[in-house]
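The values are calculated or read from the model by the stated rules, or taken from the named source; none is laboratory data. None of these values were measured; they are calculated from a predicted model. Neighbour counts run over all protein chains shown; Cβ positions are idealised from the backbone, glycine included. Surface accessibility is based on the protein's heavy atoms, side chains included, excluding ligands, DNA and RNA. Shrake-Rupley method; radii C 1.70, N 1.55, O 1.52, S 1.80 Å.
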Amino acid sequence: MTFIIAATSTDDETSEPTIYGVVKRRVQDAMEEVRALAGPSARIELAGSLSKRTARVLELKPNDVRQL
């Protein structure tokens, strides 16, 4: 499944979230991948998911983590 994960810096309250597309079987695994990229102080939230068709168009493969 391709999850959309938003990461927001807690250091700057006015910053926009960074959005990632993450291909993992479980949402917890996807969130852990983004936490590793965004840092321990970032706020990580599930923002949705992508259809298989959209993930294919974006050429996302299993275990990919890509900023959208």
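The phi-based Karplus calculation (6.51 cos²θ - 1.76 cosθ + 1.60; θ = phi - 60°) puts the 3J(HN,Hα) values of the stretch 24-31 at 8, 6, 10, 4, 4, 5, 5, 5 Hz, whole numbers, x for Gly and Pro.
Rounded to the nearest 10 square angstrom, Glu32 shows an accessible area of 120 square angstrom against a 1.4 Å probe.
Values (i) 42, 21, 18; (ii) 38, 25, 18; (iii) 35, 20, 15 are given for comparison; Cα extents along the principal axes in Å, derived from the coordinates here, is the one labelled (iii).
Once the piece of chain linking Gln67 and Arg26 is laid out straight, how much longer is it, given 0.36 nm per residue of separation minus the C-alpha distance between them?
Details: separation 41, 0.36 × 41 = 14.76 nm, distance 1.84 nm.
Net length gain for the segment: 12.9 nm.
Mind checking the per residue accessible area of the chain for me, 1.4 Å probe, whole number of Å²?
Working: 4770 Å² over 68 residues.
I get 70 Å² per residue for this part.
Ordering Asp64, Asp12 by accessible surface, largest first, gives Asp12, Asp64; the 1.4 Å probe counts only protein heavy atoms, with every chain in place.
Note on the chain: with charges restricted to the Cβ of Lys and Arg (+1) and Asp and Glu (-1), its dipole about the Cα centre is near 580 debye. Heavy atoms only, probe 1.4 Å: what % of the accessible area of the chain goes to carbon and sulfur, would you let me know? The computed percentage sits at 48. Report relative contact order for the chain in percent, whole number only (criteria: Cα-Cα under 8 Å, sequence separation at least 6). Answer for the chain is 45 percent.
Working note: 222 nm ellipticity from helices only, DSSP H runs with n ≥ 4, each -39,500 (n - 2.57), summed and divided by the residues of the chain, gives -7500 deg cm²/dmol to the nearest 500. For the pair Asp11 and Arg35 in one chain, pulling the backbone fully straight at 0.36 nm per residue adds 7.2 nm over the alpha carbon distance. 3J(HN,Hα) couplings calculated from phi for the stretch 58-68 with the Karplus curve 6.51 cos²θ - 1.76 cosθ + 1.60 (θ = phi - 60°) are, in sequence order, 7, 6, 7, 10, x, 6, 5, 10, 9, 6, 9 Hz; Gly and Pro show x. Label-to-label distance for Ile4 and Arg53 is 1.6 nm, based on points extended 7 Å past Cα in the beta-carbon direction.
What ranking of Thr2, Thr18 comes out by heavy-atom accessible area, probe 1.4 Å, highest first? Walk me through the numbers on the way to the answer.
Values: Thr2 10, Thr18 40 Å².
Final ranking, largest accessible area leading: Thr18, Thr2.
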